[in-house]
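Working notes, structure below.
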Amino acid sequence: MAVPKQRHTKSRRNKRRMHLYVEPAALISCPKCGKPVLPHTTCKNCGYYKGTEVIDVMKKMDKKEKKAKEKEMASQENEQEEKKPLTAEGLSQK
C-alpha cells in the first residue's frame, strides 16, 4: 500500500476539492399550478405531467382538505387566465 512521503498543504488539498460542490437543483414551474418541480417528473401539488392528470391528488385527502385544495387550485387557474397576453381581438372586446 502506498504511503505519502510528505504531507500535502492545505492549498493543494483545497485546489483538488475546488470542483466538489453541490449545485442547486434545476427546477421548472409546473404549467398547471405554477409550483416549482423537477424536470420530467409529475407535479406533487396537482398531479399533472405534460398536461395530463397522472395522479389523483384529491383521492387521499379528507373532506376539509379537499375543499381547501379545490379552492386554491381554482384561484390559481384564475390567476393564470388573467396573466395571458391579450390579442387584438381581446383588446377590442375590452
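When residues of the range 44-60 are filtered for being in contact with a Pro (Cβ under 9 Å, 6 or more places away or on another chain) and either surrounded by fewer than 13 Cβ atoms within 10 Å (Cβ to Cβ) or part of a loop (DSSP other than H, G, I, E, B) (or both), how many remain? Break it down into steps so the answer makes sense when it comes.
In the first step, residues of the range 44-60 are kept if they are in contact with a Pro (Cβ under 9 Å, 6 or more places away or on another chain); the result is 48, 50-51.
Then keep just the ones that are either surrounded by fewer than 13 Cβ atoms within 10 Å (Cβ to Cβ) or part of a loop (DSSP other than H, G, I, E, B) (or both); that gives 50-51.
Matching residues across the range 44-60 total 2.
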- Task: Taking Glu81 as meeting all but one of (1) under 29 Å from the mean Cα position of the chain (by Cα); (2) part of a loop (DSSP other than H, G, I, E, B); (3) on the phi < 0 side of the Ramachandran plot; (4) not aliphatic (A, V, I, L, M), write down the number of the exception.
- Result: (2)
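Scan the range 1-31 for residues that are closer than 30 Å to Asn78 by Cβ and either surrounded by 10 or more Cβ atoms within 10 Å (Cβ to Cβ) or touching a strand residue (DSSP E or B) at 6+ places or on another chain (Cβ under 8 Å) (or both) and report the count.
Step one: filter the range 1-31 for residues closer than 30 Å to Asn78 by Cβ, giving 25-31.
Add one more test, that the residue is either surrounded by 10 or more Cβ atoms within 10 Å (Cβ to Cβ) or touching a strand residue (DSSP E or B) at 6+ places or on another chain (Cβ under 8 Å) (or both), and what stays is 27-31.
The qualifying residues number 5.
A short reminder: the numbers here are calculations on the coordinates, not readings from a lab. This structure is a prediction, so every number in the text was calculated from the model and none was measured. In this analysis, Cβ positions are derived from the backbone assuming ideal geometry, glycine residues included, and neighbour counts consider all displayed protein chains.
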